[in-house]
Every structure is written in C-alpha cells, then in structure tokens.
1. Counting other C-beta atoms within 10 Å, and keeping those with at most 10, which DSSP coil trypsin sites (Lys or Arg not before Pro) do you find in the stretch 85-184?
2. Report for the chain the percent antiparallel among DSSP-assigned beta bridges with both residues inside it, nearest 5.
3. Given only helices, namely DSSP H runs of n ≥ 4 each adding -39500 (n - 2.57), what is the per-residue ellipticity at 222 nm of the chain, to the nearest 500 deg cm²/dmol?
4. Considering only 88, 47, 61, whose Cα is most displaced toward the positive end of the charge dipole of the chain, charges sitting on Cβ of Lys, Arg (+1) and Asp, Glu (-1)?
5. Per residue of the stretch 97-112, what does 6.51 cos²θ - 1.76 cosθ + 1.60 with θ = phi - 60° give for ³J(HN,Hα)? Whole Hz please, x for Gly and Pro, Karplus curve as stated.
6. Based only on other Cβ atoms within 10 Å, what is the fewest-to-most ordering of 94, 63?
7. Quick one: 3J(HN,Hα) in Hz for the stretch 198-209, Karplus 6.51/-1.76/1.60 with θ = phi - 60°, rounded, Gly and Pro as x.
8. Provide the descending list of Cα extents for the chain along its principal axes, expressed in whole angstroms.
Amino acid sequence: MGNRKWIDISQPLTNDIGVWPGDTPFTFTLSFTKEQTGSVNIGQFTTSVHTGTHVDAPYHFDENGEKIHELDVNIYIGTARVVDVTGCDMIGREELECFDLDGVERLLLKTSDGRGISRFPEKFTVFRKNIGSFLKEKGIRLLGTDGPSVDAIDSKTMDAHHSLNDNGVYILENIVLSEVEPGDYELIALPLAIEGADGSPVRAVLRPLA
C-alpha cells in the first residue's frame, strides 16, 4: 500500500486572499487577547461565503434552490477522480468524453498549473452549457474545479451553474490541485451548516485510494 495520508486541497484563508471583484474581503482579527481576558484569545472573521475553497448552494443562482443547510452531506464525502484538463479554455462534453469516467460520482478537474491566491485570476477555465447533461449521463453528482467559478466573471446568465443544477450536479470551486496527480481518491469537502446561506467555505482533503 502506498502513501495514504490526507492531502489538503484547500486555499488557506488569509487576510490577503484574492476575492471576487467587489465581494467582501476575508479578514481575521483577535477581538480579545489572552492578556485582555486573562484566560483566552478570541478571534473573529468576516468573509464572503464564496471566498477561497467553497461550495455553491443552488440558492446562489436560483431563488428556489436548496440552501447550504439543506444539502446532503453525502455529496461531499466519498470517492473522487482527479482529471487533468490543463490548457482548455472551456470544458464540456467535447473535452471530457475521451476520459474514462465510468463509475465516477465526484469529478475534480485540474485546469491550471496553479496560481497565487493573493490575486484574483484575470482569466480561468469555464464550462460549456452541455456540461450538466454530460455529467448526469455519467452518474456524476459533484464537479470540482480549481477555478473560482464554473462561469465567466462577466456572466449574467450563469449557464454552467444552471446546467449543472438542472442535472443534479453540485459545485465545488477553488480547490488546489497543482500538486495532485490524476487518479482516484477519497474526498471530504464538507460545507458548514450555515442556515439560509448560498454557499460555504470548506476544508477539502483527498486521500489516495491505493
């Protein structure tokens, strides 16, 4: 058996992490120090729920969609396949049908060789309208990408988000796969149970199956 240690594929939440243009920046501060309280440090943070590695709830783009606290946690725990599609500007049926995805429930796509997290990317790989129907045919329930969104930064129609949602595929964004080899893994990427929320940061980890 090879090395089966868990691999962290999350972006660290730092005070200089790049956020979606115009969105709430991440800040962590100590509200009270141990010196002040006499016993403990107490911290607080402010953030958009779409900062760093996170999942989108359907409510993010659909007024009638499920909210974070309503999602099935089983979607975000289980076997996953990492596939390298580096160099593709757009991804859909055309780009993925050459890969063996039989039996895959969670698909994690490596679209770049990595990027610094302190600056929001000017360009990233996005997804075609046919992505949802293709993944449904394959039985895939979760799509993960190392980009900050499945749609372009200036999209108002959110075609890929709706395509995935219409076909029962959930979304995990901003994972870090630069040091991860293609193959099969166990995935844990649990969202927080934030009542009424449209998304949630996650601590995403992988462990090789073999």
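Where a number appears in this text, it was derived from the coordinates with a stated rule and is not lab data. Predicted model, so just to flag it, every value in this text is computed and none were measured. Here the Cβ is made from the backbone with ideal geometry for all residues, glycine too, and neighbour counts use every protein chain on show.
1. In loop regions of the stretch 85-184 (DSSP not H, G, I, E or B), the sparsely surrounded trypsin sites (Lys or Arg not before Pro) are 119, 123, 156.
2. Approximately 65 percent, going by the DSSP bridge assignments.
3. Result for the chain, helices only: -2500 deg cm²/dmol.
4. 47
5. Result, rounded to whole Hz: 5, 7, 8, 7, 10, 5, x, 7, 9, 10, 10, 10, 10, 8, 9, 8.
6. In order of increasing Cβ crowding within 10 Å: 63, 94.
7. Listing the rounded values in order: 9, x, 7, x, 9, 9, 9, 9, 10, 9, x, 6 Hz.
8. 61, 47, 33
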